[in-house]
Amino acid sequence: MPHALYIPFLFAFGACIGSFLNVVVWRLPRDESLVTPPSHCPKCNKLLKWYDNIPVLGWIKLGGRCRYCKESISARYPIIEAITGLLFVLFYVMYFMVHAGPCVGVRIDGLEAHAYGMPTSIAEDWPIYFLDMLLLSGLLASSLIDAELFIIPIEIPWLIAAIAIFVHTVLDQQMMPGNLIVGPRPAALAAGAGLGTLISFLLWVTGKLPMSFAEGGPMLEIERDELEQKRTTQEKTANGGGKKASKTKSAATEETEPEPREWTSREVRKEMRKEMLFLLPALGLGILWVMLVWKVPAIGRAWESAVRERWVGALLGSVLGGLVGGFTVWLTRILGTLVFGREAMGMGDVHLMVGVGAVIGGGGAVLAFFLAPFFGIALAIYMLLTGKKRELPYGPYLSLATAFVMLFYCPIAEQLAPGLSNAAWMLGRLLNGEGGA
Ligand SMILES: [Zn+2]
């Protein structure tokens, strides 16, 4: 089938997904159901006709106004639909016409590295295309929610991670672009660290591991601003009765609305111990299992034959990607908080990169994480110049960097591979005791 047939279809399909994302972005952070009630006008509550719901076109035909009460409907809805449709088309063009995007791997010949096995056609490589589009849609929804409310609902990245692990396990093939099939040692790291994370999680759920910031974390700057604004307006309204009256008034409001707790740098740093404790079993079991597979021949042989099963290598490769993505952000959060004495990076970003890693693998997730600040600079300057928001949500930058990495991971890996393989070779020599003079 020619590209000219796929492109309009994928635009329409993407626009429909975008229409669903609009629902997700509004309802998920407000704890409303995603299926009921069906689309309705927020002003007059009348249900929309099915043809008013057609992405982009429905809005244009209505002239941006409700059919019944003529209240204007935000242009944001058709814009999100159009952007999602265009993203589906852009990635189709890049993957199957330009043949960029995910590859099978990077081969090193001497000093040069070559990426090989790029996507060929959608008929052949549809699994990775649709999995990547799922990730992209989830990132778009997360970014929109994060930019508005400074939260990332963890349902989005964890749903993506679950689907990614399932798809990679069932469909990954050795010669498929973007497959995450790994060898025995990375698989051992995934199995050990995955088991450790599961143990920590179960201990945490049952209350045997402490939760950091259990009574709510430190306030964000924007929350502080909002609170101050509310206070000053309250004081202004109470000012009629003189100074004494305004004081008793604010004392009364404080009783109904408890004062958020203030955190000192020392207290914030101390909370990080709880998070380090959570990560300890994962690190310990991960390293232990790798060493056992590596150093004990009987275990090594048994493990190798287990991982040789295609689906086991793919399953553990996807799990490893999620773990590497999440741990990179989490360790940065812990280190940053210890250094600066204030909460660095939210847990939402940790969860987001679990989803990213499970889809595109650990290497891509780490690369996206380190590229994210570069995508932040332009947006950060814009926001600092225009808005009052002093904190910047990190989710949109992580998402932009991830989209970039989905398209250009392989050429970047070509550049990085020789250096990384030398470093790995030297590390191997040191660990095997063959290093030194
Ligand atoms: Zn209406």
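Overview of values
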read-out	value
Flag for VAL25 being surrounded by 13 or more Cβ atoms within 10 Å (Cβ to Cβ), on the phi > 0 side of the Ramachandran plot and more than 13 Å from the ligand (Cβ to nearest atom)	no
Qualifying positions in the range 170-199 - among the β-branched types (Val, Ile, Thr) and surrounded by fewer than 20 Cβ atoms within 10 Å (Cβ to Cβ)	VAL170, ILE199
Candidate set from the range 49-68 (those that are of a type in the set (A, V, I, L, M, F, W, C) and out of contact with any Cys (no Cβ under 6 Å at 6 or more places or on another chain)); member that is nearest to the ligand (Cβ to nearest atom)	LEU62
Residue among GLU71, GLU81 that is within 13 Å of the ligand (Cβ to nearest atom) and either surrounded by 15 or more Cβ atoms within 10 Å (Cβ to Cβ) or not assigned by TED's automatic domain parsing to the domain that holds ALA141 (or both)	GLU71
Matching residues, the range 375-390, being part of a loop (DSSP other than H, G, I, E, B) and either exposed (fewer than 13 other Cβ atoms within 10 Å of the Cβ) or at pLDDT 75 or above (or both)	GLY387, LYS388, ARG390
Qualifying residue in the range 377-388 (condition: of a type in the set (Lys, Arg), free of Cβ contacts under 8 Å to residues at least 60 places away in the same chain and closer than 22 Å to ALA147 by Cα)	no
Test result for ARG107, of a type in the set (Lys, Arg), loosely packed, with under 15 Cβ neighbours inside 10 Å and either assigned to a helix (DSSP H, G or I) or out of contact with any helix residue (DSSP H, G or I) (no Cβ under 9 Å at 6 or more places or on another chain) (or both)	no
Among (1) in contact (Cβ under 8 Å) with a residue 12 or more places away in the chain; (2) within 16 Å of the ligand (Cβ to nearest atom); (3) of a type in the set (Ser, Thr, Tyr) - the single one TYR95 does not satisfy	(2)
Search result, residues across the range 30-48 that are part of a loop (DSSP other than H, G, I, E, B) and away from the ligand (no atom under 12 Å from the Cβ)	ASP31, GLU32, SER33, LEU34, VAL35, THR36, PRO37, PRO38
Filter result for GLY357 (within 19 Å of ILE128 (Cα to Cα), surrounded by 20 or more Cβ atoms within 10 Å (Cβ to Cβ) and in the same structural domain as ALA190 (by TED's automatic domain parsing))	yes
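The values are calculated or read from the model by the stated rules, or taken from the named source; none is laboratory data. As the structure is a computational prediction, the values presented were derived from the model and not from experiment. Note: ideal-geometry Cβ built from the backbone for every residue, glycine included; neighbour counts use all protein chains shown.
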